[in-house]
Amino acid sequence: MAPIIINRLAKLLGVLIKMLGYMFHFFFKTKRFIIPEHAKPLWKGKELRIPKIIWQTNYTNRVTLPVYINYLFNRFMSLDWEYRYVSTEARQEFIKANATQRVSSAFEQLTDGASQADFWRLFTLNNSGGVYMDIDAHVVWPLSALIKPDDEAVYLKNKEHYTNYFIASDKHNVILENALNLIVENIENKNIGRGVYDLTGPSVLNTAIGESSVHSRLHKYTCIQGSFTNEYFQYMDKPRGKWTHMDKNDLLKS
């Protein structure tokens, strides 16, 4: 019950944060807050099999007040975790330095930031391990309490299917590797489907999991989106930058 209480309280607080955000940025249109590229844990905490690293990415780490508060809420819930923000440029550099030529070449065919982030999160978790969360997502209970010491991976599930805005995994995860291979095949064969969702997004992860028995948690007890922020605040400096506005025919380089 406790995570549900935090869930509800965060949503109520989020309404106030958004109202404050609209007023703040009406008067301070260009004011932005910096999400650090790296933050060390404040204490060690309990040992976990999953590396205690939180990974996030966005088109910029200069963010509006509501997005920054979302970041602070997550840091409060994960003070014994390392935090790493990875920029658009750093994503490509990381994959180029650590991936095979085939995987790197496939990544370079993507033109949309959301698809690149989908690809990068799977590669990074499989390569380094940790927890990935979308920039507008937040946990509803301390992260070290959500993950058991012997968990190899934790997947997030909503009422319908697995989603990819939160994934926790140890290194060398077969399911994530299979999902990544499916994405590479989609890119090579230009299997765009309905767009980002099918090309690189949750559809791929659900296909990779298939009928496998995996450890999953319901989103409402684990991690939710949009409490503190929304599309306006996330894309204030990049209007219509959300993946839902992207023409699927422009997702891959010609």
Please tell me if I69 is farther than 30 Å from H245 by Cβ and modelled with pLDDT of 95 or more.
no
In region 76-96, residues that are surrounded by 17 or more Cβ atoms within 10 Å (Cβ to Cβ) and under 15 Å from the mean Cα position of the chain (by Cα) total 5
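May I ask you to verify whether K44 is among the charged types (D, E, K, R), open to solvent by 50 Å² or more (accessible area, probe 1.4 Å) and modelled with pLDDT under 95? Talk me through it step by step, then tell me what you get.
Details: among the charged types (D, E, K, R): yes; open to solvent by 50 Å² or more (accessible area, probe 1.4 Å): yes; modelled with pLDDT under 95: yes.
Here the answer is yes, as K44 does meet what is asked.
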Per the filter on region 90-107, residues out of contact with any helix residue (DSSP H, G or I) (no Cβ under 7 Å at 6 or more places or on another chain) and farther than 20 Å from G130 by Cβ are T100, Q101, S105
Exactly one of I183, I187 is buried (at least 18 other Cβ atoms within 10 Å of the Cβ), of a type outside the set (D, E, K, R) and more than 19 Å from the chain's Cα centre (by Cα), and that one is I187
Among the residues of region 201-254, the number that are more than 30 Å from R32 (Cβ to Cβ), at pLDDT 95 or above and not in a helix (DSSP H, G or I) is 7
Cβ pairs under 7 Å, 6+ apart or interchain, first in region 75-100 and farther than 23 Å from R49 by Cβ, second part of a loop (DSSP other than H, G, I, E, B), ordered by first then second residue, are Y85/I35; Y85/P36; Y85/E37; Y85/N61; S87/N61; T88/Y59
Here the residues within region 149-166 that are farther than 15 Å from W81 by Cβ, surrounded by 14 or more Cβ atoms within 10 Å (Cβ to Cβ) and of a type outside the set (S, T, Y) are E152, A153, L156, K157, N164
The condition of being free of Cβ contacts under 8 Å to residues at least 60 places away in the same chain, polar (S, T, N, Q) and crowded, with 17+ Cβ neighbours inside 10 Å holds, among N7, N70, N61, only for N61
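The values are calculated or read from the model by the stated rules, or taken from the named source; none is laboratory data. Not measured: the values here are computed from a predicted model. Cβ coordinates were reconstructed from backbone atoms using ideal geometry, including for glycine residues, and neighbour counts include every protein chain displayed. Accessible surface is based on the protein model in full, side chains and every heavy atom, while ligands, DNA and RNA are left aside. Shrake-Rupley method; radii C 1.70, N 1.55, O 1.52, S 1.80 Å.
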